[in-house]
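I have placed the structure first, in the form of C-alpha cells, so that the comments after it can refer back to it.
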C-alpha cells in the first residue's frame, strides 16, 4: 500500500520534474527552467498554434495581426480578451512593457535580421524566444519547407509549456487527417506545375523552396515551379514564370485573388500560359499558406483543385 501511494504521489508530482527542458530553435538550443506564464505570439498563424494548444491562459497578448490581416470569427473567439499589443511588428519596449517572458515569432514573422527585436536583444529582459521553424532559412541553412516544420513547432511548444501530451495528440490528429484526405483522392498521372502568386505586377512576389506553400503543394500532389528558387518569399521575373508554364496558379496575399486573376487573364503576355488558358486559379488565405493549424485544410483545397477537370 505504501509503495502504491508513493507511486501515485510521484505520478501526480511528475509535471514539476519535467523542467528544465531544452528545445532546438533554429541554430540555438533554448532551455526553459519553467513554463512561460506571460507569452506573446506574433502573426495570425503563430497565434493559432497557441490557440490550438489551449495556451491563452499563459499569454499576455499577441502582435502583428490587424496591421495586415483580420481575425476571423473563430480566432476572435479564441483570443478572447487578450490585447493586440502591436498591429504590426512589436518593439522591444512593447514586449518589455507587457511583462512578457516568452515571444513566439520568426524571422520576417515579428523579427528581422539586424532589427531591434531578436532573441539576443530580448534575453537581458528575461524574454525567451522560440523561432518559427520555417523562418530559420533566413539565418541558417535548412532543408526545403515541409509539414515537419509545422509539426516540430507544435511539439516544441508542447514541451516549452508542459503540455507535451496535448501537442503530441494534436500532431497525431493532423497526420491522421492528412492521411485520410490523401487516401481518398484519385491518383494523378503527373504532378501539375503550380505557381504561387502573392503580389506584384512588374515582378511577382512568390514562394520558393523554403516557404510553406512549397510543402503544401507537394503534399497535395503538385510541383512548385519555383522549387529550385533558393528563397523563402521573394520576387522573380515574369519570364521565368512564363517559361515554366504553370498549370495552376495559387492566389494568395494582400492583393485580392480576383484582382490578380484579372491582371493575368487580361495580359496578352500570359495568354499561352496553361493556367491562364484553362482558367485554373486556386485561392488560399494568408493563414492557410503560412505554417499553422490551417495547413491541413489548405492541402485539401489544393489536392481537390489539382484533380479538377
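The values are calculated or read from the model by the stated rules, or taken from the named source; none is laboratory data. Everything quoted here is computed from the prediction, not taken from an experiment. Ideal geometry is used to build each Cβ from the backbone, glycine not excepted, and the neighbour counts take in all protein chains shown.
Structure values in brief
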{"read-out": "Residues (exposed (fewer than 14 other Cβ atoms within 10 Å of the Cβ) and touching a helix residue (DSSP H, G or I) at 6+ places or on another chain (Cβ under 9 Å)) located in region 183-202", "value": "188, 201, 202"}
{"read-out": "Condition met for residue 246 (in contact with a strand residue (DSSP E or B) (Cβ under 9 Å, 6 or more places away or on another chain), surrounded by 17 or more Cβ atoms within 10 Å (Cβ to Cβ) and closer than 25 Å to residue 141 by Cα)", "value": "no"}
{"read-out": "Residue within region 20-36 that is more than 15 Å from the chain's Cα centre (by Cα), loosely packed, with under 12 Cβ neighbours inside 10 Å, modelled with pLDDT under 95 and over 17 Å from residue 102 (Cα atoms) present", "value": "no"}
{"read-out": "Qualifying residue in region 165-180 (condition: under 20 Å from residue 42 (Cβ atoms) and in the same structural domain as residue 39 (by TED's automatic domain parsing))", "value": "yes"}
{"read-out": "Matching residues, region 216-243, being in a helix (DSSP H, G or I) and touching a strand residue (DSSP E or B) at 6+ places or on another chain (Cβ under 9 Å)", "value": "216, 217, 218, 241"}
{"read-out": "Candidate set: region 44-69, residues that are part of a loop (DSSP other than H, G, I, E, B) and touching a strand residue (DSSP E or B) at 6+ places or on another chain (Cβ under 9 Å); chosen: the one farthest from residue 89 (Cα to Cα)", "value": "55"}
{"read-out": "Counted residues, region 82-98 - those being more than 22 Å from the chain's Cα centre (by Cα) and loosely packed, with under 14 Cβ neighbours inside 10 Å", "value": "2"}
{"read-out": "Filter result (under 22 Å from residue 56 (Cα atoms), in contact with a strand residue (DSSP E or B) (Cβ under 7 Å, 6 or more places away or on another chain) and surrounded by fewer than 18 Cβ atoms within 10 Å (Cβ to Cβ)) within region 99-142", "value": "99"}
{"read-out": "Residue, surrounded by the fewest Cβ atoms within 10 Å (Cβ to Cβ), within region 273-301, restricted to residues that are touching a helix residue (DSSP H, G or I) at 6+ places or on another chain (Cβ under 8 Å), without any contact (Cβ under 8 Å) to a residue 60 or more places away in the chain and more than 14 Å from residue 196 (Cβ to Cβ)", "value": "279"}
{"read-out": "Selection from region 70-81 of residues that are farther than 11 Å from residue 56 by Cα and surrounded by 17 or more Cβ atoms within 10 Å (Cβ to Cβ)", "value": "71, 75"}
